[in-house]
């Protein structure tokens, strides 16, 4: 297309071809070539005021920093591509830009703002029959609803995305939706369902060879087995993921590593804390925080600070543990993710018990239980609710509340 456009002197089509080449190289994880094509497209589009191709070239230029962790630069690019795509009436690019801005908000724990952007993209996709925009955004709506604790709504969206991926013959978002369903059921301790989805996601992801999707499925499985107390299987998946990330790689292999590495470090730290190695847990907590801070990944900041507090407490450093757990709680309350709230309240309860402050411990455990009850009341599926309330981590919190009430 580019060659023909050059031969006939069609500058708008040449710019469009360059932008589409940039997008193709982006999906192929060839970032250098993607940015080169995007810059060429941008130069031509700017010269002839072709706002559609200009929007596309800027979107590609924002997508590379997004998947490599420079979220501030990515956000600025998507804001510009959104404005230009609207001026050019390019509905597909408008949908892409809304989707990416929504995903950035979701990653940073700004769930309501994310949902507003997602609803705009879904409305756009439905009005113009844009299947790709719809499958992306419906999946992301499920992810965002899960983040804010609207689990029933999240399942509905994710199953809709799964159905749409099958209708469109899509493989990429099928894998992504399967591992998101696995993560979601793991959040509420329906481990049988979680493992089933995560295994299916892992198998499908290995088939298409996309590292990011493989990593998410494996980290989910590690977390599932960690909750079950199967430390050997949990370590198998964590070691497998860690080994894969240490292999010599190209720039393109950095795709989303900044984010899934945060999950790896936190889960590895939880594993070592369970094994009784607080020192190694503390190292992993610091590694998690080091990646989460610059990207404002607030949910992972909660995880990192909580793990740090728990590791410090295990080492007998009560004052430092209290400071870390207080930071975790402030962030957890800001974002409102239920598991981060009840887990952090429970960790504070353990700290107060260690300090022999029974009243404070009871208050913390009661706060954790209130969050848990809120989740249970929001689950319409009675079997899902029963499984959630009967899960061992939930029962431990209830037992702690009873124990401190009797003291």
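Some values worked out for this structure:
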item	result
Residue 80, sole failed condition from (1) closer than 23 Å to residue 119 by Cβ; (2) within 23 Å of the chain's Cα centre (by Cα)	(2)
The stretch 243-273 - residue that is in contact with a helix residue (DSSP H, G or I) (Cβ under 7 Å, 6 or more places away or on another chain) and outside any helix (DSSP H, G or I) and, of those, nearest to residue 104 (Cα to Cα)	256
Residue match in the stretch 209-231 (condition: outside any helix (DSSP H, G or I), out of contact with any helix residue (DSSP H, G or I) (no Cβ under 8 Å at 6 or more places or on another chain) and under 30 Å from residue 28 (Cβ atoms))	yes
Verdict on residue 68 being modelled with pLDDT of 95 or more, in contact with a helix residue (DSSP H, G or I) (Cβ under 6 Å, 6 or more places away or on another chain) and surrounded by fewer than 18 Cβ atoms within 10 Å (Cβ to Cβ)	no
Of the criteria (1) in a loop (DSSP other than H, G, I, E, B); (2) closer than 29 Å to residue 28 by Cβ, which one residue 276 fails	(2)
Criterion violated by residue 289 - all others in (1) without any contact (Cβ under 8 Å) to a residue 24 or more places away in the chain; (2) on the phi > 0 side of the Ramachandran plot satisfied	(2)
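The values are calculated or read from the model by the stated rules, or taken from the named source; none is laboratory data. Keep in mind the model is a prediction, meaning the values are calculated, not measured. Glycine also receives a Cβ, built like all others from the backbone with ideal geometry; neighbour counts cover every protein chain displayed.
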